[in-house]
Amino acid sequence: MNTLFIISTIVMLFSSVMVITRKNAVHALLYLGVSFLSAALIFYLAGAPFIAILEIIIYAGAIMTLFVFVVMMLNMGTPLRRKEKNWMRLSGWLGPVILTIILLTEILIIFIRPPFSFHQLLFISPQDVGFTLITKYILAVELTGMLLMAGIIGAYHLGKREKKAIHRYLEQINK
Amino acid sequence: MTEISLESGLIIAAVLFVTGLAGVMIRRNIMFILMSMEIMLNAAGLAFVFAGSFWGMPDGQVMFIFILAVAAAEVSVGLALIILVYHHFRTLDISKLDNLKEK
């Protein structure tokens, strides 16, 4: 099973790097979907099958779909490639990438510092998760419901087209 | 007992988070910045689930469910804002979207 873990880790890290370096928005979204799917596989191998399925359904299934629809609506696929190529010059990304690599080295040193030992992960069943959600985290569940309601109302309000005062046809005649 | 260890899981979550952070910093298109933020949220959720599995408590997975809900709400409102911005300014370049009100 360790082989599976290593393979899915490599896929996830590779596709995440591809997400941030692609010029075409649709390509980046597809790599993002692959990253989420491999994360779901890692969740399953870590003893969290419920979270693996939730990640596929909600993250790769709903959030990614939202992204794809907006990218299609704004027509961001092929026409923007040249602009993206101009935006991604070496002077632009060298500094931040060096700084993030420094941060990554620091955090790896923290994790691998002695005393170092491998701790095993346990399997958590969906029943435990559901029970904890309903009993211990009931307040947070209610607040999440309110948050999602606010998100729906906000997205609807922001996405509404303003009503025109006169009809399109009359506008055209008057031009 | 699974075959993954906590340390390797946390290292993977850290590398993924840093990847998303680099993506937020180096891209100029706001859609890519949102995508990189989703990578960062996924990495944080990964760390939560690994930590919860280590202690044998389902709280880590519960935290991931909340992270999922927050990410969904944030993405929907953020994408609606991006559409509005695009209709108004005709560009998604963040170096051009630096004014609060047009002159």
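Observations
- Considering helices alone, the calculated mean residue ellipticity of the protein assembly as shown at 222 nm is -24500 deg cm²/dmol, with DSSP H runs of length four and up weighted by -39500 (n - 2.57) and normalised per residue.
- Extension gain from A:LEU66 to A:PHE111, taking 0.36 nm per residue of separation minus the Cα-Cα distance: 12.6 nm
- A Stokes-Einstein calculation at 37 °C with viscosity 0.692 mPa s, built on the Kirkwood radius of chain B over Cα pairs, returns a diffusion coefficient of 212 µm²/s.
- Phi angles of segment A:4-15 translate, via the Karplus equation with coefficients 6.51, -1.76, 1.60 and θ = phi - 60°, into HN-Hα couplings of 4, 5, 5, 5, 5, 5, 4, 4, 5, 5, 5, 5 Hz per residue; Gly and Pro are given as x.
- Remark: spin-label model distance A:GLN120-A:ALA140 equals 2.7 nm, labels positioned 7 Å along the Cα→Cβ axis.
- Put the Cα centre of segment B:49-103 next to the Cα centre of segment A:7-80 and the gap is 15 Å.
- Per-residue average of Cβ from other chains inside 10 Å of B:36-42: 5
- Net charge over other residues, Cβ less than 14 angstrom from the Cβ of A:SER16 (K, R count +1; D, E count -1): +1
- Between the alpha-carbon centres of segment A:110-125 and segment A:126-175 there is a gap of 40 Å.
- Amide H within-cut-off set for A:PHE123, under 5 Å, with H built and near neighbours excluded: B:THR2
- Residue-normalised convex hull volume from the C-alpha trace of segment A:47-175: 246 Å³ per residue.
- For residues of A:65-72, the mean tally of beta carbons on other chains within 10 Å: 3
Bear in mind these aren't lab numbers, they're just calculated from the coordinates by the rules spelled out. Everything numeric here is computed off the predicted structure, so don't read it as measured data. Every residue, glycine as well, gets a Cβ built from its backbone with ideal geometry; the counts of neighbours run over all protein chains shown.
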